[in-house]
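Okay, so here's the structure we're looking at.
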Amino acid sequence: MLYRKLRHFLSLLLLWVTFGLPLLAQDLIFTKVPLDRDTGLDNGLGLIAGITQDKQGFLWLATHSGLYRYDGYTLTTYNNQRFEVNSLADNRLESIQADRNGTIWIGFWAAGLDNYNPKTGKFTHYRHNPHDPKSLSDDLVTAILQDRQGNVWVGTHKGLNLFHPKTGTFTRYQHDPNNPSSLSDNKIRALYEDKQGTIWVGTGSPWESKPEEGGLNRFDPKTGTFKHYKHDAADTTTLNSNWIRAMHEDSRGNFWIGTHGDGLHRMNRQKGTFERLHYDAQHPEKLSRPYVNKERQNDGVDIILEDDAGAVWIGTYDSGLNRYNPATGKVVQYQKHGADVTGLDDNNIWAAHATREGILWFGTANGNLYRVDPHRQRVNHVATNSDVYSFHEDKAGFLLIGTANGLLHKDLKSGKTRRFVHDPNDPASISADTIYSIYKDLRGNFWLGGASGDLNKYDPKTGTFTRYVHDEKVEESISAGPIFSMLEDRQGNFWVATGFGLDKMDREQGTFTHYRSDPEDPGSLSHNGVVSVFEDESNYLWVGTRFGGGLNKFNPINGWSKKYLLGTNIVHIIKDARNVVWVATESSGVFRYDRKNDIFVSLGSQLNEDISHIRGFVEDNQQKLWFSTKHGLMTLDKERDNISLLAESYGVVPGSFTFPGGYIGLDGKLYFGSKTGYYSFSPQQWQPNNTPPQIVLTGLKLFDDVVQPGGWGPLKAPLNEVGMLKLGPDEDVFTFSFTGIHFNNPEQNRFYFKLENYDHDWRRAADHTASYYNVPAGDYVFRVKIANSDNVWAERALAVRVKPHWWNTWWAYIGYGLLLVGVVVNFNRLQRRRLIRRERYRARERELAQAREIEKAYHKLKHTQAKLIQSEKMASLGELTAGIAHEIQNPLNFVNNFSEVSQELVEELEQEAQVGNNEQVLAITADLKQNLSKIHQHGKRADSIVKSMLQHSRSTSGTKEPTDVNALADEYLRLSYHGLRAKTKGFQVTLLTNYDKDLERVEVVPQELGRVLLNLYNNAFYAIKQKKERLGADFEPKLEVSTSRRNDQVEIRIKDNGIGIPEKVKNKVFQPFFTTKPSGQGTGLGLSISYDIITKGHGGELSVDSVEGEYTEFHILLPITVTAPPTAVSLASAT
């Protein structure tokens, strides 16, 4: 009994300490950078004298052990090399400043000033020369500043220096006891430029100066004079000390001054007065520096800095940091004694800097470096000194917490907490202390699932419990094993997930129906170790199991289950706001249910690789998924694309989470159980850092050799400044190194790279390098993309060209092409020569054969001399021959056919005559006469074609003689007209003639010109006749013939009013064998011969003008004088 009372007392005492006492509001986390891991220095870096950030984003540390560059992952060391003139001047650094050009200025304790150029990797030294007044005034450089105009100011222990980059010289500003407008003291400790562009100089050293020495100086650049502000013991509006160490102007225009001792000040620059902000031990939350340790003689305000949240930080040499919040007017102290909460375990703050993404950096005199994000509050952790597994927040205003040491009932209004533990002597107490699950059913009952398989119904009003325990002798008792989950379905059934199967409880009878795995029953559960149960919209139960049993889709009506994800250990099942079912496994990742295909789809190999060893799983009100894992808290964004990790930098201890331990409260707050308590927080309290990382291409390797910029190599400048990288044909194995600078949580930055035209997909970079082997010649683009811990991305591209070997270059291929063309041309030339020789031989053979044939024909015909038709008359000899053959073949076919038929009729006639059949003889005789008439008709047709052909080719002697064109035209007109009337009885045409009576005789060949006129007249009469037949008596046929002189030519016009010539065939009328007459009525040679006689025989012109259906008019133009006889129209004539 005494033991039981003592246990209750100790539990209540623990809860009072845990939940009742207010905690100091130290909600920011300092992350200590493990610098000794990269440097190998047992004692760290030594004092960190200064911190700066260059334009590429690198953080530079000036320390007492050398110069260091930090990108968030690795530390690069720069030390003095004794025999290297371009190395760091000394290893004890006192000050540092990155200028806008990207170079780094370094001040030393005793080695003057250095300027480091990252492009060349060389240090330029500036030293004090006692014989040169334009050199640096002293080699102890304590402060460096670049003002808005780009001027570099250097503070030493012997005055202020202005650097002149063109000459490499300095202008000195030093203390002159006889000049009150000179610098107040030569020992400069701080330089600052305010927003108005005023240069402020802080002087005085706590180690070397007397109390009256030092002071604050305001520089007037126009006059080169200084106004002094110094301590006056009789005036409280003056400085508390003359030894100035820190200055800062905040975003509200406050100008802060930090001095030795209790020396935080706020200056009124208009009045030149100071507000002393002393430390008040009774009210440490008031604005001041941290507490003053009077035993520390060198303690003072070393740094003053404003973060981008608007808070002002005050750092001291021995008392840690204060963070002043102007909104509340209070400060929060960060000191070594609170290191277990804040992470800051060093009070000796000496340097500070804010990087571009808003991260604050603090360097200490002990060589420690810390970073802190002013926007990231720690995840609140409530200690219970026991494992926490489950939660339930009730609308009645209390929170139930299941732990390994009983049930906690916390009143959310008063903050009071009661603990309920097992009492062996009290049957109304809880049956066991370890509570894995808590569930409230629709009846208002609270159910507690225990580790030993006990189920308890909790009555919050009476604080009593009803137990349901496993009894091996009673089949209807609850199954044994831990209870990780419970569910009341839509039908009112109450389900309990136990370590030995799924139970359905009859809450009225207190009995249980068991559903267990049966190897002989394929429809049973896959495994008895049930850890999660969930009901979907179809009233199916999703039952998750451990020990490789995977997931079951359970039908509560018939008890049949379908298996999914066999071989995995299920942690939890939820349905998100989009009605998607998600399943978290212990070590196989996360899956979503594809209803359409009835399968579970992996979240993705990369995401599942990141989300591993899951302990708890919940969705917040912003639709983000949260996982408690061995690495810390992980969140998957709404789009299910990116993961963020909350670990040490948020106050989360990796590996501390319990299973199962995820829960969302009524107000959206998330709860996750841990081994010592639980984490509770609102997801909205963190906003993403939207500053993208700065990507820097840091180096190139060819094979295993580092390529230095300049020289004969492929890098003419640092890789980060190169737009295109050109590599030779033997430089196809290369490695890029790169970094992505974002200091929020650099260990969570993610790197991906891809070589376009080579890689198909993005590849993840584990060591910030990308290696490629045997890359073919071609053009590529190397891409790097980096995401910070809040999934804000940046991307960088570099064009890469791998040159081909000379035999694969474009000009080589042009040479190959030219060579091939040359070979082809020469080969073609040789082939053509061979073919020409062959064809010439064949031609000679053909010519000889033709000559022999001609000779034979000459002897046979005797009087006939063949002439060739001029090439100009025909389009080609082959076409003429084909046309002649076609025209002659038709009548010959008729002659042959009718001859054969007539021969048969003669035979029949003989037979009929022999028998005396006179009637039949007469009939056959009539047929024979008809056939003979046909033969005669087609013979005439053939004869007409032959005569036309001969007429087309025949020429006379070709002798021109003066001819009366009028008489010739009229003669042939009468001949043609009378000939037509002889053939066509009754045909009348009105002849209209208009001859130029003054027309002189013209040199022509009369018979050839007459042939032309006769042909044109015949054609005209034919056209008139055709139209007459169509129109009848309404048509009056007319033919007009006229002659006239046009300059040096005689013109003959022949115009009829016949059917005309269609426009589409007008340009063909002078072609040989072209005719518009029906088949058998024209040879198509008349106009062709006429055209040749006029144009080639007489040097004249023959043209036609016609409108279809109205008229046709031919124009003949003949020169009056022919200077030379024209070429004969035909080469041969018939006799």
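What follows draws every value from the coordinates through simple rules; no lab data is involved. Just so we're clear, the structure is a prediction, and the values are computed from it rather than from any experiment. Positions of Cβ are backbone-derived with ideal geometry, glycine not excepted, and every protein chain shown enters the neighbour counts.
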Please state the shape class of the range 732-861: rounded when a/c is under 1.5, otherwise prolate if a/b exceeds b/c and oblate if not, all from the C-alpha gyration tensor. prolate
Can you compute the charge dipole magnitude of the chain about its Cα centre, using +1 on each Lys and Arg Cβ and -1 on each Asp and Glu Cβ, nothing else charged? Give it in debye, rounded to the nearest 20. 2380
Residue span Arg844 to Arg829: 0.36 nm per residue of separation minus Cα-Cα distance leaves a gain in nm of 3.2 nm
Treating only the Cβ of Lys, Arg, Asp and Glu as charged (+1, +1, -1, -1), what charge dipole size does the range 187-227 show about its Cα centre? Round to the nearest 20 debye. 80
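Calculate, for Leu892 and Gln1049, the FRET efficiency according to 1/(1 + (r/R0)^6) with r their C-beta to C-beta distance and R0 45 Å; round to the nearest 0.05.
Working: r = 44 Å, r/R0 = 0.99.
That gives a FRET efficiency of 0.50.
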Find, among the chymotrypsin sites (Phe, Trp or Tyr not before Pro) in the range 1003-1103, those assigned to loop by DSSP (not H, G, I, E, B) with at most 14 other beta-carbon atoms within 10 angstrom. Phe1035
Would you mind checking which residues have amide H under 5 Å from Lys330's amide H? H placed 1.01 Å from N; only 5 or more apart, or other chain. Asn325
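First measure r as the distance between the Cβ atoms of Ala851 and Leu992, then evaluate 1/(1 + (r/R0)^6) with R0 = 56 Å and state the FRET efficiency to the nearest 0.05.
0.55
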Please give the helix 810-861 orientation as an angle from the longest Cα principal axis of the chain, in degrees from 0 to 90, rounded to the nearest 10. 10
Farthest toward the dipole's positive end in the range 386-451, which of Leu399, Leu448, Ala432, given Cβ charges of +1 (Lys, Arg) and -1 (Asp, Glu) about the Cα centre? Leu399
Most exposed to least, judged by fewest other Cβ atoms within 10 Å, Val382, Val653 sort to Val653, Val382
Give me the distance in nm between label points sitting 7 Å out from Cα along the Cα-to-Cβ direction at Gln196 and Leu999, one decimal. 11.6
Cut-off 15 Å, label point 7 angstrom out along Cα-to-Cβ of Trp810: give me the residues of the range 773-795 whose amide nitrogen falls inside. 778-780
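Compute the length gained on full extension between Asp394 and Gln491: take 0.36 nm times their separation in residues and subtract their Cα-Cα distance, giving the result in nm to one decimal. If you can, show how the numbers build up before the last one.
Numbers: separation 97, 0.36 × 97 = 34.92 nm, distance 2.30 nm.
Length difference between fully extended and current span is 32.6 nm.
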Looking at the range 808-862, which trypsin sites (Lys or Arg not before Pro) are DSSP coil and have at most 16 other C-beta atoms within 10 Å of their C-beta? Lys862
What are the aspartates and glutamates whose alpha-carbon lies under 16 Å from the alpha-carbon of Lys562, with same-chain residues fewer than 8 places away excluded? Asp518, Glu520, Asp521, Glu535, Asp536, Asp594, Asp598
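In what sequence do Thr236, Thr462, Thr417, Thr676 fall when counting other Cβ within 10 Å, fewest first? Can you show the working numbers first?
Numbers: Thr236 11, Thr462 8, Thr417 22, Thr676 16.
So the residues, fewest neighbours to most, are Thr462, Thr236, Thr676, Thr417.
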Pick out, in residue order, every one of the chymotrypsin sites (Phe, Trp or Tyr not before Pro) in the range 187-226 that is DSSP loop and has at most 11 other C-beta atoms within 10 Å; say none if there are none. Trp207
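Excluding Ser612 itself, calculate the net charge of residues whose Cβ lies under 10 Å from the Cβ of Ser612, where each Lys or Arg counts +1 and each Asp or Glu counts -1. Present the calculation step by step, with values, prior to reporting the outcome.
Numbers: positive: Lys630; negative: Glu586, Glu609, Asp610.
Net charge around Ser612: -2.
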Separation in nanometres of the label points that stand 7 Å from Cα toward Cβ, at Glu648 and Arg837: 9.3
Give the residue from Tyr540, Tyr317, Phe170 lying farthest towards the positive end of the charge dipole for the chain; charges sit on Cβ (+1 for Lys and Arg, -1 for Asp and Glu) and the dipole is referred to the Cα centre. Phe170
How are the alpha carbon pair distances in the range 958-1135 distributed across 5 Å bins from zero to the largest one, expressed in percent? 1, 8, 17, 21, 20, 16, 10, 5, 2, 0, 0
Under the Karplus relation 6.51 cos²θ - 1.76 cosθ + 1.60, θ = phi - 60°, what is the ordered set of whole-Hz ³J(HN,Hα) values for the range 524-534, x standing for Gly and Pro? 7, 4, 6, 7, 7, x, 7, 10, 8, 9, 8
Helix 918-953 sits off the longest principal axis of the Cα atoms of the chain, rounded to the nearest 10 on a 0 to 90 degree scale, by 70
Provide the per-residue ³J(HN,Hα) series for the range 513-522, in order, calculated from phi with Karplus coefficients 6.51, -1.76, 1.60 and θ = phi - 60°, each as a whole number of Hz, with x at glycine and proline positions. 9, 9, 10, 10, 6, 9, x, 7, 10, x
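Kirkwood-based Rg over Rh for the chain (C-alpha set), two decimals? Numbers along the way, then the final one.
On the way: Rg = 57.7 Å, Rh = 42.2 Å.
When Rh is taken as the Kirkwood radius, the ratio is 1.37.
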For Ala717 and Trp560, what is the calculated FRET efficiency with R₀ set at 51 Å and r taken between the beta-carbons, to the nearest 0.05? 0.10
For the residues Glu212, Glu285, what sequence is obtained by ranking on other C-beta atoms within 10 Å, fewest first? Glu212, Glu285
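How long is the gain from Asp641 to Ala234 if the chain were fully straight, where each residue apart is worth 0.36 nm and the alpha carbon distance is subtracted?
Details: separation 407, 0.36 × 407 = 146.52 nm, distance 6.61 nm.
Length difference between fully extended and current span is 139.9 nm.
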Residues of the range 1100-1122 with the amide nitrogen closer than 17 Å to a label point 7 Å from the Cα of Ser1042, along Cα-to-Cβ, please. 1103-1107, 1111-1118
Calculated from DSSP H runs of 4 or more alone, at -39500 (n - 2.57) each and per residue, what is the 222 nm mean residue ellipticity of the chain, nearest 500? -6500 deg cm²/dmol
Hypothetical label at Asn80: residues of the range 127-148 whose amide nitrogen lies under 17 Å (7 Å Cα-Cβ projection): 127-129, 138-142
Under 16 Å Cα to Cα from Lys166, which lysines show up? Leave out anything in the same chain fewer than 8 places away. Lys134
Pairwise centroid distance, computed over Cα atoms, of the range 406-453 with the range 559-600, Å: 30
Karplus 3J(HN,Hα) series, Hz, for the range 418-433 with 6.51 cos²θ - 1.76 cosθ + 1.60 (x for Gly, Pro): 10, 10, 10, 10, 5, 10, x, 9, 10, x, 8, 7, 5, 6, 7, 7
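Taking the Cα centre of the range 694-808 as the origin, how large is its charge dipole in debye, to the nearest 20, when only Lys and Arg (+1) and Asp and Glu (-1) carry charge on their Cβ atoms? Don't skip to the answer; put the middle values down first.
Values: 12 positive and 14 negative charges, 43 e Å.
So the dipole magnitude of the range 694-808 works out to roughly 200 debye.
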